[in-house]
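Colleague: Input: one structure, supplied below.
Throughout, read-outs are computed from the coordinates displayed, never taken from laboratory work. In this text, all values refer to a predicted model and were calculated from it rather than measured experimentally. Here the Cβ positions follow ideal geometry from the backbone for every residue, glycine too, while neighbour counts run over all protein chains shown.
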Amino acid sequence: MQEVDGNLAVKKSPKELYNERVERITTATSLKTPDRVPIVLGFNISFIARYGGVTVQELMYNYEKRAEIIERLMKAFPEADAIGSGGTLSGPVSDALGQGLYEIPGRELSPDVSFQFIERCNMKSEEYDMFTENPTEFLITKYFPRIFREEWNKGLTRAKIAMMKGIFAHNDHRAFWGNKRKKWESEFGMPMARSSMTKAPFDVLSDTLRGMRESSIDMYKRPEKIIKACEALVPYCVMYAELPHTLRIKDESTRKEMKPQIGMPLHRGCVPFMSLKQFETFYWPTLKEVICRLVADGFICRPFAEGDWTMNMKYWREVPKGKVILKIDLADIFKAKELVGDTVCLQGNVPATLLQFGTPKQVEKYCKKLIDVVGEGGGFIMDGAVGIPGGAKIENIVAMTKFTAKYGVYRR
Amino acid sequence: MSLYTPWKKKRKEIQKILGDEKIIKESWEHYEKMVFLWIWSWLMR
């Protein structure tokens with residue numbers, strides 16, 4: 001892929017840039033009009049690999065290489081106000097534990113494709129009560145032996161050594177990206193798109209514990225069990241989002257602090273995964289509770305409405321005003337502006353197909369419509385519908401960022 | 001909800017602390033938090 005010259009005739013210091021970017025995002029989040037429409041570029045790991053001319057496998061093991069390519073991308077796209085660095089799955093951690101949640105490029109998959117989640121049931125129907133009563137106990141004694149292939153099956157000593165290796169590898173991974181985050185903020189003035197993450201309680205249950213098929217059946221066969229499990233998960237989902245901030249060493253600089261943004265990928269809540277009645281019963285009450293608790297504790301929530309959430313859009317009126325950034329994938333973002341634009345900031349949604357197969361002119365036309373309609377009066381952040389996908393044409397990313405930086409100006 | 005082995009529980013298991021209890025408590029809780037994140041990272045994906 002051709003390298004982009006980001007025209008680094010930027011005269012501002014990293015600190016000035018950081019403050020400016022934070023101000024832009026913060027203002028849009030609070031539903032006001034910043035100086036211009038903010039731009040977030042969430043680079044998919046496949047895109048980073050393609051831009052750097054390496055395989056995805058290499059990036060899952062060679063963190064330094066991945067960071068070096070991301071720095072090149074930051075220089076190429078100085079209009080970005082925050083970036084995503086391609087996910088948190090690590091090759092060394094996966095190997096140490098023999099984790100079976102994902103197929104990994106270069107292991108089960110071709111080296112040049114992204115990792116793939118494996119849909120599987122890791123909690124039996126009769127284990128609901130055990131999980132609800134003590135989730136941590138359940139995870140250690142039942143879940144881990146099912147998802148870590150280096151675990152119990154190969155003997156206690158090997159299992160314990162696997163766990164130790166996994167934790168060492170995890171700490172290396174965490175420390176590396178923590179340091180890079182600080183470096184990118186101080187040397188590039190670039191905030192990260194999210195500061196920690198959590199999920200909707202129903203998605204925790206459906207994604208990795210019961211699996212799609214079983215959780216769908218449970219909505220008919222054991223509705224009370226799902227509700228109790230989701231309620232039990234609420235404090236864990238909140239704590240998982242908040243703890244990284246209490247552990248992170250406070251930056252002593254005088255930079256503006258962006259309110260921490262909690263990424264929340266939403267997987268199975270929208271129609272047609274479940275009806276609106278099921279959504280109201282099983283999905284929304286505990287997701288809303290997690291969001292409200294996080295907002296009350298001073299966080300900004302950034303749920304990513306994966307799939308088409310158009311039919312579920314009205315519920316977002318119930319979250320605290322100006323504290324939620326709703327990232328839109330396939331939903332009608334123009335209708336979303338009408339329905340919930342006075343409550344949540346909208347982020348998105350240049351379609352992945354357009355970024356991959358369209359022309360720069362077509363990308364500019366779509367961005368213009370987004371800025372004119374969704375950007376009207378503020379409360380809008382420009383982004384790809386699924387971030388920047390692996391197959392995106394570089395000239396289309398250039399068109400999206402340059403056009404938005406120029407046309408998306410509210411005031412000079 | 002609390003961390004897996006909260007300090008209150010651990011404190012009862014330690015008969016005597018001759019130095020500053022706060023130092024030990026903070027360290028204990030730090031690693032309790034780290035292990036919480038590690039365990040739950042395998043669900044929050």
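Colleague: Show me the three semi-axes of the equivalent ellipsoid for the stretch A:372-412, from the C-alpha gyration tensor (sqrt of 5 times each eigenvalue), largest first, rounded to whole Å.
Modeller: Values: eigenvalues 96, 32, 8 Å².
For the stretch A:372-412, the semi-axes come out at 22, 13, 6 Å.
Colleague: Further question on the same structure: Can you give the average number of partner chain beta-carbon atoms within 10 Å of each beta-carbon in peptide B:31-37, as a whole number?
Modeller: 4
Colleague: To the nearest 20 debye, what is the magnitude of the charge dipole of the protein assembly as shown about its Cα centre, counting +1 on the Cβ of each Lys and Arg and -1 on the Cβ of each Asp and Glu? Mind showing how you got there, number by number?
Modeller: Details: 71 positive and 58 negative charges, 118 e Å.
Roughly 560 debye, rounded to the nearest 20.
Colleague: Could you tell me the center-to-center distance, by alpha carbons, between the stretch A:64-89 and the stretch A:148-203 in angstrom?
Modeller: Distance between centres, Cα-based: 18 Å.
Colleague: ³J(HN,Hα) across the stretch A:196-213 via Karplus (A = 6.51, B = -1.76, C = 1.60, θ = phi - 60°), whole Hz, x for Gly/Pro?
Modeller: 6, 9, 7, 9, 5, x, 4, 5, 4, 5, 7, 5, 10, 9, 7, x, 4, 4
Colleague: What spacing in nm lies between the two simple spin-label points modelled at A:S110 and B:K16, each 7 Å away from Cα in the Cβ direction?
Modeller: Result for the modelled spin labels: 6.9 nm.
Colleague: Kindly put A:F380, A:F176 in sequence by how many other C-beta atoms sit within 10 Å of each C-beta, fewest to most.
Modeller: Placing the least packed residue first, the sequence is A:F176, A:F380.
Colleague: Restricted to Cα positions, what overall size does the stretch A:229-346 have along the principal axes? Three whole-Å values, descending.
Modeller: 47, 35, 20
Colleague: Moving to a separate point now. Just A:E126, A:E64, A:E150 to compare: in a GNM of chain A, with alpha carbon springs under 10 Å, which one fluctuates most?
Modeller: Of A:E126, A:E64, A:E150, the most mobile in the Gaussian network model is A:E126.
Colleague: Another question, if that's okay. Starting from the Cα of A:M164, step 7 Å along the direction of its Cβ; do the same at A:I118; then give the gap between the two resulting points in nm.
Modeller: Those two pseudo-labels are separated by 2.7 nm.
Colleague: Between B:W7 and A:E126, what's the calculated FRET efficiency when r is the beta-carbon distance and R0 is 41 Å? Round to 0.05.
Modeller: 0.75
Colleague: To continue, here is another question. Would you list A:R50, A:R120, A:R36 from fewest to most Cβ contacts within 10 Å?
Modeller: Going from sparsest to densest Cβ surroundings: A:R120, A:R50, A:R36.
Colleague: If you don't mind, there's one more thing I want to ask. Scan around A:G86 for amide H atoms under 5 Å from its own, H built in the peptide plane at 1.01 Å from N, and keep only partners 5 or more places away or cross-chain.
Modeller: Those lying under 5 Å, H to H, from A:G86 are A:F43.
Colleague: Also: Got the relative contact order for chain A handy, in percent, Cα pairs under 8 Å and 6 or more residues apart? Don't skip to the end; give the middle numbers.
Modeller: Values: 725 pairs, mean separation 93.0, N = 412.
About 23 percent, as a whole number.
Colleague: In terms of Cα to Cα distance under 24 Å, which lysines are near enough to A:K368, apart from those fewer than 8 places away along the same chain?
Modeller: Those lysines meeting the cut-off are A:K32, A:K327, A:K335, A:K337, A:K393, A:K402, A:K406.
Colleague: Taking θ as phi - 60°, what are the ³J(HN,Hα) couplings along the stretch A:35-48 by the Karplus curve (6.51, -1.76, 1.60), each to the nearest whole Hz, with x for Gly and Pro?
Modeller: Result, ordered by residue: 5, 8, 4, x, 10, 10, 10, x, 6, 5, 4, 5, 5, 4 Hz.
Colleague: With each pseudo-label sitting 7 Å past Cα toward Cβ, what's the A:R317-A:Y410 distance in nm, one decimal?
Modeller: If labels sit at A:R317 and A:Y410, their model points lie 2.4 nm apart.
Colleague: Another question about this same structure. Calculate how many DSSP beta bridges within the stretch A:16-407 are antiparallel, expressed in % of all such bridges and rounded to the nearest 5.
Modeller: If I count the DSSP bridges inside the stretch A:16-407, around 10 percent turn out antiparallel.
Colleague: I'd like to know how chain B sits against the 2.2 N^0.38 Å rule of thumb: what's its Cα Rg over that expected value? Before the final figure, lay out the partial values.
Modeller: Numbers: Rg = 12.7 Å, N = 45, 2.2 N^0.38 = 9.3 Å.
Against the empirical 2.2 N^0.38 Å value, I get 1.36 for chain B.
Colleague: Could you list which residues have their amide H under 5 Å from that of A:V409, counting only those 5 or more apart in sequence or on another chain, with H placed in the peptide plane?
Modeller: A:V37
Colleague: While we're looking at this one, here's another question. Using alpha-carbon pairs under 8 Å, 6+ residues apart, how would you state the relative contact order of the stretch A:244-356 in percent?
Modeller: Taking the mean separation of contacting Cα pairs over the length of the stretch A:244-356, I get 23 percent.
Colleague: In the stretch A:155-180, which residues have a backbone nitrogen under 18 Å from the label point lying 7 Å from B:H30's Cα in the Cα-to-Cβ direction?
Modeller: Residues A:168, A:171-176, A:178-179 fall inside that zone.
Colleague: Now for a separate question. Based on the Cα coordinates of the protein assembly as shown, what is the per residue volume of their convex hull in Å³? Working shown, then result.
Modeller: Numbers: hull volume 68.5 nm³, N = 457.
Here the figure is 150 Å³ per residue.
Colleague: Return the FRET efficiency for the residue pair A:E137, A:E224: r is the Cβ-Cβ distance, R0 is 22 Å, and the value is rounded to the nearest 0.05.
Modeller: 0.55
Colleague: List, in order, the whole-Hz ³J(HN,Hα) value for each residue of the stretch B:15-26 obtained from phi through the Karplus relation with A = 6.51, B = -1.76, C = 1.60 and θ = phi - 60°; use x for Gly and Pro.
Modeller: 5, 9, 10, 7, x, 7, 5, 4, 4, 5, 4, 4
Colleague: Also, quick follow-up: So, R0 is 22 Å and r is the distance between the beta-carbons of A:D297 and A:A175; what FRET efficiency does that work out to, to 0.05? The partial results should precede the final answer.
Modeller: Details: r = 26 Å, r/R0 = 1.17.
It comes to 0.30.
Colleague: I'm a student and want to see the number: the projected area of the Cα convex hull of the stretch A:119-244, averaged over all directions, in nm².
Modeller: 9.2
Colleague: Longer than 18 Å from Cα to Cα, which of A:K228/A:K288; A:K259/A:K321; A:K199/A:K288; A:K15/A:K323 are they? Say none if no pair is.
Modeller: Check vs 18 Å cut-off fails for A:K15/A:K323.
Colleague: Bin width 10 Å, origin at 0, all Cα-Cα pairs of the stretch A:295-346: what percent of pairs per bin?
Modeller: With 10 Å bins starting at 0, P(r) equals 27, 59, 13, 0.
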